[in-house]
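One structure is given here, and the rest of the page talks about it.
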Amino acid sequence: MVRKRTVTISQEYAESIINTVREPLIVLDQDLRVVSVSRSFCEFFKVKPEDTVGQLIYDLGNKQWDIPKLRELLETILPQKTTFNDYKVEHDFATIGRRTMLLNARQIERVLGKERIIFLAIEDITERQKLDDELRKNLQLLRDTGKMAKVGGWELDLSTKEVSLTEEAGRIHGVETGYKPTLEEAIKFYAPESIPALKATLKKTIETGEPYDREFLFIPSGSKDKIWVRSLGKAVYSGGKIVKLTGTFQNIDEYKRAEDELKKSHQALRNLTGYLHERLEKERKRIAGELHDELGQILTALKIDCSWLIKNPSSKDQRRQKTLKDMTSLLNGGIASVRRIATDLRPPLLDDLGLAPAIRWIIKGFEKRTGIKAKLVVQPTGMKLDSKVATAFFRVTQESLTNIARYAGATKIHVIVKKEPTMTMVRIRDNGRGITEEQAESSQSFGILSMKERIHSCGGTIKIIGRKGVGTTVESFVPLGKRNCLPGHKRSPNIKKLP
Ligand SMILES: Nc1ncnc2c1ncn2[C@@H]1O[C@H](COP(=O)(O)OP(=O)(O)O)[C@@H](O)[C@H]1O
Ligand SMILES: [Mg+2]
């Protein structure tokens, strides 16, 4: 009686344990028939306890459990080992679909040496497995893209002063995956000239939490050559305190070298353009001089001869007299043309009197030719400028006026030539249709490119800005004295309506 009660109590005790556990649990006898199932088992596999007890496990729920792997576990492995742990089984269940499960089993003797019972715990890891697969895929993606972009990641633990590197960061370092240098060891990978900057950068981020984005020279392990790397870093806080720094690490050597090459070839082109501009000016000066002096003088001499012939007729031949008069007027035209061509090529005013009189002179011609009203302000009058700078401003003005005449459809222009102690400025404003940004920035706008190059080669800056229907402003500044002492030319040219 007592014994029976004890058995009942221990059975109840066992059952309440079974029902408390969240994982589905099943108890089998030695013939693999169900002794009992936990509540969670019934819920999970959508079965009723009364439909399970006494059934052969393989017959449960229309033979859903007739799984070859399970058979092997229960019939072969369990008799030998009495337990098995974490056996992964994938199976399609009619009621709940495809599932991945971990099976754990334990065989215990119920009555000494006689009956055995088997506990089988089933853990559904389908979701976890999905997450694991997703995570694994993402990690692989990160690894692959990191490798392609040559971008790695790193983390510095401020409490242990240890640096963790991702696979790609390790590759850039030339070390094995999993290598964890101390901060001191990690810094030794950098070229001596970059170490002070790196230390200062890290110190600042550790102290202030300010993120950084810097380029350093780096020497990978086992290499003698320095490469450029880009390092981005930021602070990681915990409880309001900075506990870690983390960031990316990128090999930008190829890009940096290509950029250097590009800079060099850009500079070479600039030099060439500057040289060509200078040659062009010299050549124009020479041709203008020769046109004016030689051709001009010959034409003038011819004219004098013609005049003498007219005044001293050898006969009363009317036709001869008329021809001579026609010749004289042709010569007058010729002389004027030669003068105009020569001055257009290179106005002697620019060399003799300077920028302001030369600009005044072309503006006069512009007004006369186009009928567009022009206002010129020169401050102060009688300024003296370096000849290269004066030529640059003059050509910019000339090109701007040509463009206004051709494209602006303007009725008024306003030109300011201003010299201050630190810089000289020329601003040409029109009230036309307004240049568009694309036109001003196009690599096909050769007139504008040439203006920009001329001003840049004097160390200056130029802005060409248009507003639709309001007009265009071309504003150029050249600093005085040293080439690189540019004035703070930040403000945009004011595109106000012309009065
Ligand atoms: N003052 C202006 N007003 C309106 N459009 C302009 C003005 N100046 C230049 N443009 C536009 O910018 C373009 C580029 O000018 P530019 O470089 O001098 O080349 P080009 O005179 O040979 O066309 C012009 O074709 C014109 O469309
Ligand atoms: Mg032009």
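Things worth noting here:
- For the stretch 369-405, taking the residues that are basic (Lys, Arg) and at pLDDT below 95, the one that is nearest to SER445 (Cα to Cα) is identified as ARG395.
- Search result, residues across the stretch 397-419 that are of a type in the set (Val, Ile, Thr), within 11 Å of ligand 1 (Cβ to nearest atom) and farther than 11 Å from ARG429 by Cα: THR402
- Filter result for GLY382 (surrounded by fewer than 16 Cβ atoms within 10 Å (Cβ to Cβ), assigned to a loop (DSSP other than H, G, I, E, B), more than 16 Å from ligand 1 (Cβ to nearest atom) and more than 40 Å from the chain's Cα centre (by Cα)): yes
- Scanning the stretch 434-462 for residues that are part of a loop (DSSP other than H, G, I, E, B) and either at pLDDT below 95 or within 15 Å of ligand 2 (Cβ to nearest atom) (or both) yields ILE435, THR436, SER442, SER443, GLN444, SER445, CYS458, GLY459, GLY460.
- Remark: pairs (first residue in the stretch 16-33, in the same structural domain as GLU109 (by TED's automatic domain parsing); second residue assigned to a loop (DSSP other than H, G, I, E, B) and at pLDDT below 80; Cβ separation under 8 Å; 6+ apart in sequence or on different chains) = ASP29/GLU115; GLN30/GLU115.
- Residues that are among the aliphatic types (A, V, I, L, M) and exposed (fewer than 14 other Cβ atoms within 10 Å of the Cβ), drawn from the stretch 53-79: VAL53
- The criterion of at least 1 residues that are under 24 Å from ASP253 (Cα atoms) and free of Cβ contacts under 8 Å to residues at least 60 places away in the same chain is met, among strands (runs of 3 or more DSSP E) falling completely within the stretch 114-181, by 162-165.
- Residue within the stretch 231-247 that is closer than 30 Å to LYS388 by Cβ and touching a Ser or Thr at 6+ places or on another chain (Cβ under 6 Å) present: no
- ASP430 passes every criterion in (1) at pLDDT 95 or above; (2) surrounded by fewer than 19 Cβ atoms within 10 Å (Cβ to Cβ); (3) within 8 Å of ligand 1 (Cβ to nearest atom) apart from (2).
- Taking the criterion of being out of contact with any helix residue (DSSP H, G or I) (no Cβ under 9 Å at 6 or more places or on another chain) and more than 20 Å from PRO211 (Cβ to Cβ), the residues of the stretch 149-165 that qualify are SER159, THR160.
- For the stretch 327-338, a tally of residues being of a type outside the set (A, V, I, L, M, F, W, C) and in contact with a Gly (Cβ under 7 Å, 6 or more places away or on another chain) returns 0.
- Sub-8 Å Cβ pairs linking a first residue in the stretch 361-389 that is over 29 Å from GLY274 (Cα atoms) to a second residue that is hydroxyl-bearing (Ser, Thr, Tyr) and surrounded by 12 or more Cβ atoms within 10 Å (Cβ to Cβ), at least 6 apart or interchain, are ILE372/THR411; LYS373/THR411, ordered by first then second residue.
- Subset of the stretch 46-69 [β-branched (Val, Ile, Thr) and outside any helix (DSSP H, G or I)]: VAL47, THR52, VAL53, ILE67
- When GLU207, GLU168, GLU193, GLU215 are checked against the criterion of being among the acidic types (Asp, Glu) and buried (at least 17 other Cβ atoms within 10 Å of the Cβ), GLU168 stands alone in meeting it.
- Residues of the stretch 214-240 classified as touching a Gly at 6+ places or on another chain (Cβ under 8 Å) and of a type in the set (D, E, K, R), total: 1
- Counted residues, the stretch 440-450 - those being more than 8 Å from ligand 1 (Cβ to nearest atom) and either crowded, with 17+ Cβ neighbours inside 10 Å or closer than 16 Å to THR473 by Cβ (or both): 1
- If the condition is being closer than 11 Å to GLN398 by Cβ and in a helix (DSSP H, G or I), then the stretch 346-360 contributes LEU350, ALA358, ILE359.
- Taking every residue in the stretch 247-268 that is touching a residue at least 12 places away in the same chain (Cβ under 8 Å) and pairing it with any residue that is outside any helix (DSSP H, G or I) and of a type in the set (Phe, Trp, Tyr), at least 6 positions away or on another chain, the pairs with Cβ-Cβ distances below 7 Å are GLY247/TRP154; PHE249/TRP154; ILE252/TRP228; ASP253/TRP228; LYS256/TRP228.
- Meets criteria (assigned to a helix (DSSP H, G or I), at pLDDT 85 or above and in the same structural domain as ARG427 (by TED's automatic domain parsing)) for ILE304: no
- Residue match in the stretch 324-338 (condition: surrounded by fewer than 15 Cβ atoms within 10 Å (Cβ to Cβ), farther than 17 Å from LEU299 by Cα and of a type outside the set (Asp, Glu)): no
- Qualifying position, being surrounded by fewer than 17 Cβ atoms within 10 Å (Cβ to Cβ) and under 22 Å from LEU28 (Cα atoms), among THR145, THR82: THR82
- Selection within the stretch 396-427 - in contact (Cβ under 8 Å) with a residue 24 or more places away in the chain, of a type in the set (Lys, Arg) and either surrounded by fewer than 19 Cβ atoms within 10 Å (Cβ to Cβ) or outside the structural domain of GLU475 (by TED's automatic domain parsing) (or both): LYS412, LYS418
The values are calculated or read from the model by the stated rules, or taken from the named source; none is laboratory data. Treat the numbers as computed from the prediction; the structure is a model and nothing was measured. Backbone-built Cβ (ideal geometry, glycine too); neighbour counts: all protein chains shown.
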